[in-house]
């Protein structure tokens, strides 16, 4: 529920009402037995008063009454997310936790379901433990860490909602959290190339056409592999990262940036990204920003920078369809992050060369990303 600006304290409002949490546009008339009312404008532009209820109503009942009047879908998961993120409990979290929760919210809100509606549009009271477990298991296919974060977030939001009457129970409590796989996934070269080619071909199909996928997907796959980048690092590249000698990376998590020198394959992917962007901006009549750092290379259908949740959704749909069509087996399935691992493993040279190419400051990270098997000489001739 949207709240109005901070009000002056009204001594006539009943003591059991938290005046700072009153709905926007709702006022109290203390005359007689007292009543709550709203002010609005009619078709003639005149301000009218609408009495709502008596003075004995609780704050939560008042909020729900206004929601019914305004037609707000208070049953959806999206609404519960909005209420939690507007609460004092959320605002008191650290900045890192708030950003993590906002990311989890974005991932879950657009998660596709069999009902042809994103998860955020579904009624939260109909969620069950098996349903949530299946969602977490699917998220774990693209990244166990991401799935574990989403489960912790969902568990907290639903517990918050349960304590405030938004749902009767917390179906996310007691579920199995995904565990990091012991064996790191390394895409097979033939499978990876087949997927990139498939994404490139299907990206040329019209939106809504059978088998179509996002036109930018193959480019993200190529750049992530060739530049050894995470998905989020790839989709945040801008014109400012283009240099005469190559692409200046924008690595995260403390890694060192470097310039990946141009090859014909890398140049083709980069030029294709700019061509798709130009077509999208022309179609959307998007104003071009004069600052290179404000012009993303990868854009969605809206013409704006592609979000991480949008990339995750596009990838999951694509890889699931590829498995169904027999392009790869379920055992060969891998995530977007594994393009970086494949790129580091395929880099020629010593481990020191691979570490420099990947930007990792800690040599121990090579045990995570470099899965190549070294060839050595026998101990004796």
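Against the criterion of being at pLDDT below 95, surrounded by 12 or more Cβ atoms within 10 Å (Cβ to Cβ), outside the structural domain of residue 298 (by TED's automatic domain parsing) and not in a helix (DSSP H, G or I), residue 184 qualifies. Considering 306, 266, the condition of being closer than 30 Å to residue 208 by Cβ and touching a helix residue (DSSP H, G or I) at 6+ places or on another chain (Cβ under 6 Å) is satisfied by 306 alone. The condition (being over 17 Å from residue 333 (Cβ atoms), out of contact with any strand residue (DSSP E or B) (no Cβ under 7 Å at 6 or more places or on another chain), surrounded by fewer than 18 Cβ atoms within 10 Å (Cβ to Cβ) and assigned by TED's automatic domain parsing to the domain that holds residue 101) is satisfied by just one residue among 197, 159, 209: 159.
Among the residues of segment 269-283, is there at least one that is over 22 Å from residue 223 (Cα atoms) and surrounded by 12 or more Cβ atoms within 10 Å (Cβ to Cβ)? Before the answer, list the steps.
First pass over segment 269-283, keeping only residues over 22 Å from residue 223 (Cα atoms): 282-283.
If we keep only those that are surrounded by 12 or more Cβ atoms within 10 Å (Cβ to Cβ) too, we end up with none.
Checked against the condition, which is being over 22 Å from residue 223 (Cα atoms) and surrounded by 12 or more Cβ atoms within 10 Å (Cβ to Cβ), segment 269-283 yields no hits at all.
So for segment 229-245 (the condition being outside any helix (DSSP H, G or I), closer than 19 Å to residue 342 by Cα, more than 19 Å from the chain's Cα centre (by Cα) and in the same structural domain as residue 304 (by TED's automatic domain parsing)), does at least one residue qualify? Scanning segment 229-245, I find no residue that is outside any helix (DSSP H, G or I), closer than 19 Å to residue 342 by Cα, more than 19 Å from the chain's Cα centre (by Cα) and in the same structural domain as residue 304 (by TED's automatic domain parsing), so the answer is no. Scanning segment 203-232 for residues that are more than 17 Å from residue 271 (Cα to Cα) and out of contact with any helix residue (DSSP H, G or I) (no Cβ under 8 Å at 6 or more places or on another chain) yields a count of 6.
Take the residues in segment 231-245 that are surrounded by 20 or more Cβ atoms within 10 Å (Cβ to Cβ) and touching a residue at least 24 places away in the same chain (Cβ under 8 Å); name whichever of them is farthest from residue 305 (Cα to Cα).
By that ranking, first place goes to 241.
The values are calculated or read from the model by the stated rules, or taken from the named source; none is laboratory data. Treat the numbers as computed from the prediction; the structure is a model and nothing was measured. In this analysis, Cβ positions are derived from the backbone assuming ideal geometry, glycine residues included, and neighbour counts consider all displayed protein chains.
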